[in-house]
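Worksheet: one structure, shown below.
The values are calculated or read from the model by the stated rules, or taken from the named source; none is laboratory data. Please read these numbers as outputs of a predicted model, since none were measured by experiment. Backbone-built Cβ (ideal geometry, glycine too); neighbour counts: all protein chains shown.
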Amino acid sequence: MSTGNRVFSCTQCGGSDLKQAGEGKVACAYCGSIYLIASRGPSVIIRKGADVVFGKNAKVVINGGLEIETGSTVRFDGEITLLERAPEEAVRAAKLRLKEER
């Protein structure tokens, strides 16, 4: 899952890509830190090829799970909460990999 224009930035390593990490969770594709997406009720699925922006001032409530398919572009301008930090070694390795890619 890619955030396309690099708006999402992992608070731990600075990575910009996310992957599904179970029900209501996404993980940094670089270091593995896990972020919570609250889920209750029906699911929202963002399909491959979609371009979605959750704006800074948007008042969107998703009463259910959120699934973001690989190949979609999703931007979170608002606050995102770190649920589980990846191990320090994974964060360091991800930071090095990101530095080499830039």
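Do we find a residue being modelled with pLDDT of 85 or more, farther than 30 Å from Glu89 by Cβ, surrounded by fewer than 16 Cβ atoms within 10 Å (Cβ to Cβ) and more than 9 Å from the chain's Cα centre (by Cα) anywhere in segment 2-15? No - not one qualifying residue is present in segment 2-15. Residue pairs whose Cβ atoms lie under 8 Å apart, separated by 6 or more positions or on different chains, with the first residue in segment 46-59 and closer than 10 Å to Phe76 by Cβ and the second part of a strand (DSSP E or B) and among the charged types (D, E, K, R), are Val52/Arg75; Val53/Arg75; Phe54/Arg75.
Asn57 passes every criterion in (1) modelled with pLDDT of 85 or more; (2) loosely packed, with under 10 Cβ neighbours inside 10 Å apart from (1). If you check Ala27 against the conditions, is it modelled with pLDDT under 80 and either under 13 Å from the mean Cα position of the chain (by Cα) or small (Gly, Ala, Ser) (or both)? Answer is no for this residue.
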